[in-house]
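No value in this document is a laboratory result; all are computed from the given coordinates. From a predicted model like this one, the values you see are computed outputs, not experimental measurements. Cβ placement follows ideal geometry from the backbone for every residue including glycine, while neighbour counts extend to all protein chains displayed.
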Protein chains: 2
Amino acid sequence: METLTVALGERSYPIHIGAGLLDRPELLRPHLRGEQVMVVTNETVGPLYLERLLAGLQGLRADRVILPDGEQYKTLDTMDRIYTALLEGHHDRGTTLIALGGGVVGDMTGFAAATYLRGVDFVQVPTTLLAQVDSSVGGKTGVNHPLGKNMIGAFHQPRCVLIDTDTLGTLEDRQYSAGLAEVIKYGLIDDPAFFDWLEANMDRLLEREPEALAHAIRRSCEDKARIVAADETERSGHRALLNLGHTFGHAIETGTGYGNWLHGEAVGCGMVMAADLSRRMGWLKPADVDRVHALVTRARLPTRPPPGLPTERFMELMAVDKKVLGGRLRLVLLQDIGRAVLTDAFDPALLRETIDAFASP
Amino acid sequence: METLTVALGERSYPIHIGAGLLDRPELLRPHLRGEQVMVVTNETVGPLYLERLLAGLQGLRADRVILPDGEQYKTLDTMDRIYTALLEGHHDRGTTLIALGGGVVGDMTGFAAATYLRGVDFVQVPTTLLAQVDSSVGGKTGVNHPLGKNMIGAFHQPRCVLIDTDTLGTLEDRQYSAGLAEVIKYGLIDDPAFFDWLEANMDRLLEREPEALAHAIRRSCEDKARIVAADETERSGHRALLNLGHTFGHAIETGTGYGNWLHGEAVGCGMVMAADLSRRMGWLKPADVDRVHALVTRARLPTRPPPGLPTERFMELMAVDKKVLGGRLRLVLLQDIGRAVLTDAFDPALLRETIDAFASP
């Protein structure tokens, strides 16, 4: 087992990473302040792991909520199920919410914890690669709105994150690849040595080799934690680097309707598009664009948006993105592999060229 | 005009109190960071003051949302109207929400600001006495849930509070008295000299004499700010003193359905009940219970719960209150006028006696 501490002053917390951790409740219990817990999971993950998790929580008053599975349920309406379960179970301010599942479960559980009685504790037990490398660090919680993704939410840090790499054994291939997109992203942002390592070890990761997995997850969490620590509530621009590929990706997700493309798939394609625009600006060498394209492809991720998203619509969807500040679109682009920057200094005509080049007719 | 600063480190903010402040936009503008504002008001207050407020915001992109009026609309469903208006107006992270109205508008606007894009600025322009002396200080925001009042929310501090005492001229008597309940509360908690002043000046307050009003509002805000500064997120017990009368009051509000009794009316009655229980415990002298009863009565507030709330039901409703910690009910009781304490060291039989004595058959 490896343990990483996310350093955020009095809100610091540990991330434990390893095989079989679901059966090690002693890692979790020091972080439960009261005698009540509410495990939030979904219809897919619950049947696989809920009973194992609950077995380790004996002696506590443990309730559960089972949510429907899917990004389309990440809404205020679904939140009400969590609030109702908490109130029906008379959960007080000493309760701890435990998120058992992927990013959707984690985001909603964290938001419920941020807002129930104006804030209670929560713990993450992420069971998808995406959630393990993305939602474990950063404290972002929230839900979607019909008019935009992740528009409603709060910053709320977990008390502990427990990553059992065995849970990836049951993850379907498409979800697994979506997680690899975020892993690749960390290499691209500011960790070129990790990008090199990924090029050398992508086959091991695709075979879900435990040692390779533990390394990739740990390195991803470390990379993200370093960026987040410098900008916890996204007030300076630094944290925005984590949105590499995301503005393009959000346009794809919104344009196709939530739930059709996985978030990680959209980000994978978005990174390739960001690399393409970076090349058109004269920043990234053509050979490095090829490296990005090749690694995303090897991770079995799409590199083109779906049909039915003409350039005009694509640009309109990018403009609604919340990173529009003072009306100007800002994008994370690449000056090199491992050197991402947030900028609004790009020629909109070049952005249009990139989208034209990728859009299906 | 008087100005009070609520000292909360980097989240400190001013409260301006005086007549005619709605026409002094220069007080507000330094606190608007971006070029966009969203004024949130309701059907009652909007027609009275919205245009005057907007007249002072020329040059900004100012949108508005008009909510239905009433505690029964303080829900997640109503929140969605604010989120939709913000998204349709393409409001970005630099926007500022302005709450123009009473406590319901303030609580929902603050919660929308706390959660839109994971947090934007907001400003309060409270137009009821209750909101002026209660919601102006403390940073509590949120909505009700069918299973309990204020169960969903966040702590989020305003950037500025603008209190125009002229707005009380249009406030109906019942709402005005409800505000006086909270004013009396500050005297009871830890400001016996203010309680004495209220006994001497209640007639002036009932006539809404501007000088008396400005003094009462300022003193109430100061009293509350002192308590809140010591315990911003309600983690120690100190801030809980502000709940004097509230646990009894919440039982009345929930038991009769939100919107039938005003919050302040329920708190007024709750303070009398808390005084009664304090006397039964041997803490408060009978003559002081009479002083509490007399001042609440002079403020034209009810001192008995409504019919139809038998003792068993009343106690059940108190138990669901969120101040139940670790399953034990804690109440704010009076050791003296101006000396409130949070305690679970009361005999439940005495609590039952108090409720029996007040409950209608």
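Quick notes on this one:
- Taking every DSSP bridge with both residues inside the protein assembly as shown, close to 40 percent are antiparallel.
- Residue among A:Ala357, A:Val39, A:Tyr186 farthest towards the positive dipole end of the protein assembly as shown, charges placed on Cβ: A:Tyr186
- Equivalent ellipsoid semi-axes, the protein assembly as shown, via Cα gyration tensor eigenvalues times 5, rooted, Å: 50, 30, 19
- The same position A:Ala230 in the other copies lies at 4.2 nm from this copy, comparing label points 7 Å beyond Cα toward the beta-carbon, shortest first.
- Label 7 Å beyond Cα on the Cβ vector: B:Gln58 copy-to-copy distances, nm: 7.5
- By the compact-protein rule of thumb, 2.2 N^0.38 Å, the alpha-carbon radius of gyration of the stretch B:193-251 corresponds to a ratio of 1.35.
- Angle between chain A longest axis and helix A:348-358 axis [Cα atoms, degrees, rounded to 10]: 80
- Above 33 Å, the calculated P(r) of chain A contains 25 percent of its Cα-Cα pairs.
- One Cα centroid belongs to the stretch B:250-312, the other to the stretch B:130-160; the line between them spans 22 Å.
- Separation of alpha-carbon centers, the stretch B:24-57 and the stretch A:68-95, rounded to whole Å: 35
- Overall form of the stretch B:107-168 per C-alpha gyration tensor (a/c, 1.5; a/b vs b/c): oblate
- Cβ-based net charge around A:Ile66, under 10 Å, with every Lys or Arg adding one and every Asp or Glu removing one: 0
- Signed unit charges on C-beta, dipole axis of the stretch B:173-358, positive-most listed residue B:Thr343, B:Leu205, B:Ser278: B:Thr343
- Between the helical axis of B:246-256 and the longest alpha-carbon principal axis of chain B there is an angle of about 80 degrees.
- The stretch B:2-170: C-alpha gyration tensor shape, a/c 1.5 cut-off, then a/b vs b/c: rounded
- 25 °C / 0.890 mPa s Stokes-Einstein diffusion coefficient of the stretch B:57-100, Kirkwood radius on C-alpha pairs, µm²/s: 208
- Helix-derived mean residue ellipticity, 222 nm - over chain A, DSSP H n ≥ 4, -39500 (n - 2.57), to 500: -13500 deg cm²/dmol
- Using a cut-off of 28 Å between Cα atoms, the listed pairs B:Lys140/B:Lys285; A:Lys224/A:Lys285; B:Lys149/B:Lys224; A:Lys140/B:Lys224; A:Lys74/B:Lys140 include B:Lys140/B:Lys285; A:Lys140/B:Lys224 as exceeding that distance.
- For the stretch B:205-220, 3J(HN,Hα) computed residue by residue from phi via the Karplus equation (6.51, -1.76, 1.60; θ = phi - 60°) reads 5, 5, 8, 6, 5, x, 5, 4, 4, 4, 5, 5, 5, 4, 5, 4 Hz, glycine and proline entered as x.
- Across the identical copies, how the B:Ala193 labels are spaced - nm, sorted shortest first, 7 Å along Cα→Cβ: 6.5
- Normalised alpha carbon radius of gyration of the stretch A:198-338 [divisor 2.2 N^0.38 Å]: 1.10
- Vicinal HN-Hα couplings computed from phi for the stretch B:43-56 (Karplus, 6.51 cos²θ - 1.76 cosθ + 1.60; Hz; Gly/Pro x): 5, 8, 7, x, x, 7, 10, 4, 5, 4, 5, 5, 4, x
- Assuming charge only on the beta carbon of Lys and Arg (+1) and of Asp and Glu (-1), the dipole of chain A about its Cα centre is about 640 debye to the nearest 20.
- Sequence-distant residues sharing a close amide H with B:Tyr13 (under 5 Å, placed H): B:Val6, B:Leu8
- The amide H of A:Gly94, built 1.01 Å from its N in the peptide plane, has B:Gly326 as neighbours under 5 Å, considering only residues 5 or more places off or on other chains.
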